[in-house]
Every structure is written in C-alpha cells, then in structure tokens.
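Below: one structure, written as structure tokens.
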Amino acid sequence: MVTATTKGLSRAHEIYADRGRRMRELRKAGKKIIGYICLYPPIEIITAMGMVPFRIFGDMSEPITAADQVSTTVVCPFLRSIIDLGIKGKFDFLDGAVGAHTCDIGMTTIIAWRDYIKDAPFTHLIDVPHTDHAPAVDYFEGQINFFKKHIEELAGEKLAEDKLKKACELHNKQRKLVRDLYDLRKSDTPKLTSMENLEVMVSLFSLPVEEGNELLEEVIKDVKERSIKPSRKKARLMVWGPVFDNTSLYELIESAGADVVVDDTCVGTRAFWADVKAPYDLHALAQRYLVDIKCPRTYRDTQHQEIERDYDKDLDSRFNYIKKAVTDWHVNGVVLQSVKYCDTHGYEVPNLRHYLDTLGIPSIYIEHDYSERSLAPIKTRVEAFVETLG
Amino acid sequence: MSETATPAKTEQKRAINRLKSVYPLRNMVQQDYVTTLQASNEGKPTVWSMLNYWEGDLPLKAMGLNIVYPENYATLLAATGAAEPFLDASDSDGFPTHMCGYGRSTIGYAYRMMKENGGKIPPDAPLGGMAKPALLLGSGIICDARFKWFQSLARYFDAPEWCLEMPMMATYEGSEPELEDYQVKFLVKELKDFIAFLEKLFKQKMDWAKLEELIDLAVKIHETTYQISEARKAIPGPMHATDFWSSMPPSLFFAGDMKVALKCYQDMLAEVRERVNNKVSGINYPERYRLIFAELPPWHSLKFFDKLAEMGWNFVFESFGYHAPKPPDLSKYSDPCEKLARLSRNFMFNVFPEAKAEGIQNPIVETYLKIARGFKADGFFLHPLISCRAASCSLRTVQHWEQEKLDIPSLWVEGDIIDKRVFNPQEVLARAEAFEQTMDHYRKVRKSKGLDW
C-alpha cells in the first residue's frame, strides 16, 4: 500500500470528501456554478462564459429514498441517486444544471430535475445523436449552438471567440496533465494508487479548470518525488465501465492484491483522452464530444456504408484504444464493471469480452447497484479473478 | 358507476367483446412472417428492423423488401409461451439479464440459430421463425436498446447494420419551433444516405413514385387510426385495449399490404362508431370502471384482462407510444424524404407545448393527462417493467401528476413484457378489489371539485 500522502494528494482527498465546498465559496464570491450530468455537455462553453462547470455525481453511501417518489427502481441507480440528492437539497450551490441525451435515463434525469428539484433554476438538455455519421456531427454542432444561445441569455452577454479558444486551451491542458499523471502508473510499481488517482479525478470535476490544473501539477510533482517503494502486486488491471465516482471498488480490487493501473470509465480516461482541436469552434466541440469520446452510448459506425460486414474488424475499430491501453500499461486482466440497468454498457459486455479474449487478456464482469453495500458480494469473485492472474 | 349497455348475449359469454374487424388486421402480421419466410426460401433477402416510427419502414417497403421486426417477434415468443429457451441462450452468451426482454429473446434466437442450429431456424420458433437477415436496421428512436441490441446481433450475423437517426423528441429544447427545419434537414440527409445505401446493398433503385404512394397511404392509415382513438372516448368504451394491441402492427410498422390495411382500419372505424351509436361496450360486463393501461403489456398473460373485464374493468385506452398521432399536412412538401422526415418526426414533437402549458416538464405525463381527461378515466394501471427502461422510467411521474392534477389513482403492478415469472396475476387480482374502493373514493373527490366524471 502506498502511503505518505503529499500536499496535492492531501488537497484532492479533502475536495473528494466535500465536493461542494469550493463551489459554495466561489458562489459566495459571485461566480455562477453550472452543474452538468455525464460527459457530453461541452464544459468549455461554461468556462468561456466565466462560469464554473461542476460535474454532478451521486453518492454511493446515501440510501435512495426521496427519488422513489418520482422514479421507478428499474432504472440506473446512479442517476436515481442524483435525483435523490437533488430533492434532498444537496445541490443548493448550483445556478444551473445541464444534461444531455446520453442515454434514456440521462435524459429523463434532467426532465425530472425540472419538475422536482427546486435548486438550479437554469436548466438545459442537449440532444446528442446516436451515431457518428457526418450529418449527426453537424446536427450536434447545432445543438451546441442552441445551448450556447441559452447560456448567453443567462450570462447576459455573447460568447466571445477568444474566450472560447482560451477555455479550450485550458481544458486541453488539463487533459494533457491527466494523461501525464496516468503515465506515472505505467511503471512496474506505481507510486500512485487507483484510489488516490480517482480522488484527483473527482476533484477535477469539482474545481474551476485553472485550479484543477494547478492541483494536477502539484500532484504530478509530488508523485514523481515520492520516496516510497511500493511492492509489486500480483496483477495489473484495467477497470472498464460506466461512471464510478467512489474509491470503494478500487479499494476492493487493490485489497485483493492487484494494481488498477488504468481505466476506461467516464470518471477517468474517457473524460480526458480526447482534446478539442483547433480552430476551437463549435464544430470542433461537436467532433470532440460526439466522435472522439469513446462511450458505448454512441453507435460507432465503423463500417458505415459498407455492404460487407466484418465482425472482428468492427470490434477492433471500436475497441482498439483499449488494446493500446492494455499494451501501454502492461495490463494482464480487465474488470468490466457496470451499474445495474445500464443498457448501453450491458450490450457491450459480451462483445468486449470476446475482443479481450482474442488479445489473450482475461476479464471478469461485475454488476452493482451503485451502493457501497452492493460491492461486498463481489469481493470473493474479484479475489478469485486476481488469484488466477497471479 | 358509468352508463353502460346491456352485455351482448353470446352462446358462450366471453369477458371481452372483441371487434370483428380486429381479426384481419391481426392476421396481417402473422401472414407477413409466413410470406417473408417463403420469400427467403426463394432466395429473396429479409431485413430485420426495429420499430422506427415509419422512417425506415416505408423506403424498405417501396423497394419491395421483406421485413421482420424482432421486437414484434419477441411478443409472439412471449404470447406463445416460447420465450424461455431464447432468454436462456442470451444469458448463456453473457448478456446481462436485466436488459430488454425483447432484445434478450431475439439475441437468444440469433444465438440458437447461428451457434446451435448451423444457421437454420430453431425448431421451436413460433410461426416458422425469422429467416437470416440481409440487413440489420437499428433505430435511435425512443430507447437505447433499439440500436445497441442490433449492434449486438452483428455478433451472430455477417449482415451489415444501419442505425437510423431521430432527434430526441419530447423535450423543451427538441420542441422549439425554431429548430424544426434544422431537425428535418438532418433527417433528410440521413434518409438520403440510407436510401443510397439500400440501393447499393440490394442492387436496385428506389421506386420514388412507390415511396410517394406509400407515404400517402401511411397518412391515410394514421388519419383513420387517429379517428378510431377519438371514437373510443365514448361511454361505454367501445374497444378494449387487447383489441388495440392485436390490431396495431399494420399502423405501427405497416405490416402487410398498406392498401388492405387502410380498408381494414376503415372497417374498424365503422364498427367502433356503430358500437358508439348503440352504446355497446368493449367488455361483455357492465362497465364499472374505465382504466388506462401504461405502458407495455404483459404479452405472456393477456388472458388476465378477461378476469378484470369480469369485474367490470374496461381498459378504454393504452400504450400511447404505440399510437400514431394525427398526421401532419404534408401537401406543401415535394421531396419524399422531407415528407417522410416530417411524418416520422411528428410522432411526439407536437406534445411538448401542451405539457409546458400544464406546468410540467415531462411530455409523457402531459400526454396521459390529456388522455385521462378525454377518456374520463377512473384509474391507471401502471406496469413498470423489469427489463425496459424507456417504457417504465416516467411511470412514477405519471402516477404523481394524475393524482395531483386530476385525482385519478393508479394501480402499480410490476411485471415484464417477456418474463412471466415476475408477474403474479393472483396477487394483482387481490389488489384490484381494494383498488376499486380507491377509484370510488376519487370519483367523489373529482365530482366535488367540479370535474364531470
């Protein structure tokens, strides 16, 4: 176990434990705080308007009670948790909430927000097409433009091109720093645990981009200078799946004797791997969010217009970024985790496992209901899986 | 108690008073499976398609292609009690068990066809089964499963896939009038690409005149089914929900010959109007309560509605997502792709302004408020499904606002479209008795507030 917490990591730990604190301070100082759900609202626009984007997460330790009045139990418990916290007033520091049609329930979450959550009077729902066809990218650009107009009304001013460019550069810088941080876990004995890494990632979603960048620079410096010498673990794992914003799963895996060295989740690499490309306009944002983010919610039409279909080629086109990560981080096993009732990830599971089989990488699939207590039954399976890799 | 007609006398009294005009419509979808299979045996291609709210159906039909709808086939698997081995096959291939029952059963079908039967139809497949697809046509309309499930089917077949796009309906942002042309432009581009792809894949040209003719027929069919829905508001309700579910495929995805379907729906409209004029009910018992069913039915247990009919429960409306709305006026558009885009887009885009006027953000809620008022409902039968997010996620809010705005109570019954193990008819019947008292109570409350039912 890596210990000797450093200054940057210590700060990340504090922010992770109370994500709203800095937001409340900023709001008191006159900043507008705009919450957003999932990865698809273009946060560069929020930053460029002088507002602070805040990623809305649920809380795995808080039982869902209030949301039962407005939501059926057979839908994504992560999104139910968000509604639950909202009804309970836990997002009282938000001036707005932006959602996107990332999935069926992602969309209805923002609709329910409007009817049942009194905080955040400004709301906006962005339609995200299902495919990455060229007309879909153009359509999505139009959706981003519509969002821009709406948030301009809230700000009382137009979005300036130079401010959007600067915001894109700042967020790109953050993405580059995150990739640098992940690089530090390529070593045989990473000096940064997956729990610490997740705390940093969650902190980035809870700070203005400039402060997040400062935090990252601090953390990277601290980790590089860490004098501790962790021991080599039995396995080097990747964790794949939808949102996981709590360190408990990583603790469970690491306690089984494995290092989680990389992930493909929307609280990790998926959020930071793709940059916005120059000229930093709305089309570039559409391209980055719809095409370059690799979430199963998008039908990646890898053989668009082709009349001959090759399944293996399709899998390789969809998942070769995972192959690259497996190689670069020397991964020897993948934990596919999903929150229950997540259809977009659920349909992906057999196909991704098949692809990993062809790479000779063992995998395990685990499902949970986004509560800390639901992880306990998984422990034995994870331990057995790690044992087979040792 | 609602005004009712004397129950029809029949030799053997059936609880539900079926419309005669239902049967030819019901047979059309069954005949489609047989015809498609015969065509496949003659070497003609079969397209597997998701329900796509007409965007893809009409170009395929205009090219004379044979289409089957796995989503519909799954209801047959459930209704004939044949679903279980197909669900098991999906589970054994690693698909999570909480996913769409329609998806799981037809993924299981594909698995058994390709992995266990050497590409032949599984012997226990009802109605002869579905032939191997030459194209998998997914859709971005309504739910995530519609494209993810078809992407998964490519695991078993070497057929190409296509995912039809549709802007997200039924949201404040999606319904902004200033966005209409931009949405249509997107759909037209997608449709043109799709048709070009069909021409390349099937090596034949689109018959544009035929497509125009079919769009015209589609509008007429939807105008007729819309009038049937309007006529159903009468007291007693002249057409039971089970008749709608049996007869909807020629309107929902244009099963069969569309000219024949139009004639059948015109016959149905005439029969329903005749019942209205003569105060004939859709059940053969006095109509004591008028119920609305939301959203997807337990296909495996439709007989269960007989028991409720015997108690005087008339299901006067159901499953709004299966109902085509009043069609738009397409006469001012000349491009068939634009006509098609506007027809398909019409499915729910017109709902939101009314929802907003109610002060509610969820258009599904508004739709059901409007239906409840129009049909003078006494209660809602809400059926959240263990395996369908899209049809279940808004039901709590429907329950809340129906009670809040109209004092209409709901009976909450968990179940599934395919998996009968999660549905307990006996328990529901026991709860139904108590629910009658609730409906009686709120009937008084509504009247005390000046509502007329």
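The values are calculated or read from the model by the stated rules, or taken from the named source; none is laboratory data. What you see is a predicted model; the values in this text were computed from it and never measured. Backbone-built Cβ (ideal geometry, glycine too); neighbour counts: all protein chains shown.
Computed values, structure above
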| read-out | value |
| --- | --- |
| Residue within segment A:88-104 that is more than 8 Å from chain B (Cβ to nearest Cβ), surrounded by fewer than 24 Cβ atoms within 10 Å (Cβ to Cβ), out of contact with any strand residue (DSSP E or B) (no Cβ under 7 Å at 6 or more places or on another chain) and of a type in the set (Lys, Arg) present | yes |
| Number of positions in segment B:387-422 that are assigned to a loop (DSSP other than H, G, I, E, B), farther than 24 Å from residue A:116 by Cα and either among the hydrophobic types (A, V, I, L, M, F, W, C) or touching a Cys at 6+ places or on another chain (Cβ under 7 Å) (or both) | 3 |
| Segment A:304-362, subset without any contact (Cβ under 8 Å) to a residue 12 or more places away in the chain and of a type in the set (S, T, N, Q), residue farthest from residue A:185 (Cα to Cα) | A:305 |
| Failed item in (1) hydrophobic (A, V, I, L, M, F, W, C); (2) in contact with a Ser or Thr (Cβ under 7 Å, 6 or more places away or on another chain); (3) surrounded by fewer than 23 Cβ atoms within 10 Å (Cβ to Cβ), with residue A:57 passing the rest | (2) |
| Condition met for residue A:344 (in a helix (DSSP H, G or I), in contact with a Pro (Cβ under 8 Å, 6 or more places away or on another chain) and within 12 Å of chain B (Cβ to nearest Cβ)) | yes |
| Residue A:159 being in a helix (DSSP H, G or I), of a type outside the set (Gly, Ala, Ser) and more than 14 Å from chain B (Cβ to nearest Cβ) | no |
| Which listed residue, of A:227, A:203, is more than 14 Å from chain B (Cβ to nearest Cβ) and outside any helix (DSSP H, G or I) | A:227 |
| Qualifying positions in segment B:353-365 - surrounded by fewer than 23 Cβ atoms within 10 Å (Cβ to Cβ) and either away from every other protein chain (no Cβ under 13 Å) or assigned to a helix (DSSP H, G or I) (or both) | B:353, B:354, B:356, B:357, B:358 |
| Flag for residue B:344 being of a type in the set (S, T, N, Q), in a helix (DSSP H, G or I) and touching a Leu at 6+ places or on another chain (Cβ under 8 Å) | yes |
| Qualifying positions in segment B:386-395 - within 7 Å of chain A (Cβ to nearest Cβ) and in contact (Cβ under 8 Å) with a residue 12 or more places away in the chain | B:386, B:389, B:390, B:392, B:394, B:395 |
| Selection from segment B:156-191 of residues that are of a type in the set (D, E, K, R), within 7 Å of chain A (Cβ to nearest Cβ), closer than 26 Å to residue B:336 by Cβ and surrounded by fewer than 22 Cβ atoms within 10 Å (Cβ to Cβ) | B:189 |
| Residue within segment B:230-245 that is touching a strand residue (DSSP E or B) at 6+ places or on another chain (Cβ under 7 Å) and within 14 Å of another protein chain (Cβ to nearest Cβ) present | no |
| Subset tally (residues that are of a type in the set (D, E, K, R) and within 21 Å of the chain's Cα centre (by Cα)) for segment B:380-416 | 4 |
| Single residue of B:89, B:82, B:39 found to be under 22 Å from the mean Cα position of the chain (by Cα) and modelled with pLDDT of 95 or more | B:82 |
| Residue list for segment B:402-423, filter: aromatic (Phe, Trp, Tyr) and at pLDDT below 95 | B:423 |
| Residue in segment B:128-142 that is modelled with pLDDT of 95 or more and basic (Lys, Arg) present | yes |
| Test: residue in segment B:424-445 that is assigned to a helix (DSSP H, G or I), in contact with an Asp or Glu (Cβ under 6 Å, 6 or more places away or on another chain), modelled with pLDDT of 95 or more and surrounded by fewer than 16 Cβ atoms within 10 Å (Cβ to Cβ) | yes |
| Scan of segment A:29-85 for residues that are at positive phi and within 14 Å of another protein chain (Cβ to nearest Cβ), ordered by number | A:38 |
| Unmet requirement for residue B:122, which otherwise passes all of (1) under 26 Å from residue B:31 (Cβ atoms); (2) out of contact with any Lys or Arg (no Cβ under 6 Å at 6 or more places or on another chain); (3) of a type outside the set (S, T, N, Q) | (2) |
| Members of segment A:91-111 found to be of a type in the set (A, V, I, L, M, F, W, C) and in a helix (DSSP H, G or I), listed by number | A:105, A:107, A:110, A:111 |
| Criterion (modelled with pLDDT of 95 or more, surrounded by fewer than 17 Cβ atoms within 10 Å (Cβ to Cβ) and within 22 Å of residue A:55 (Cα to Cα)) met by exactly one of A:196, A:214 | A:214 |
| From the options A:365, A:311, A:321, residue that is within 12 Å of chain B (Cβ to nearest Cβ) and surrounded by fewer than 17 Cβ atoms within 10 Å (Cβ to Cβ) | A:311 |
| Matching option when the condition is within 14 Å of chain B (Cβ to nearest Cβ), within 20 Å of the chain's Cα centre (by Cα), over 30 Å from residue A:89 (Cβ atoms) and outside any strand (DSSP E or B), among A:135, A:129 | A:129 |
| Conditions (1) surrounded by fewer than 18 Cβ atoms within 10 Å (Cβ to Cβ); (2) in contact with an Asp or Glu (Cβ under 9 Å, 6 or more places away or on another chain); number of the one not met by residue B:147 | (1) |
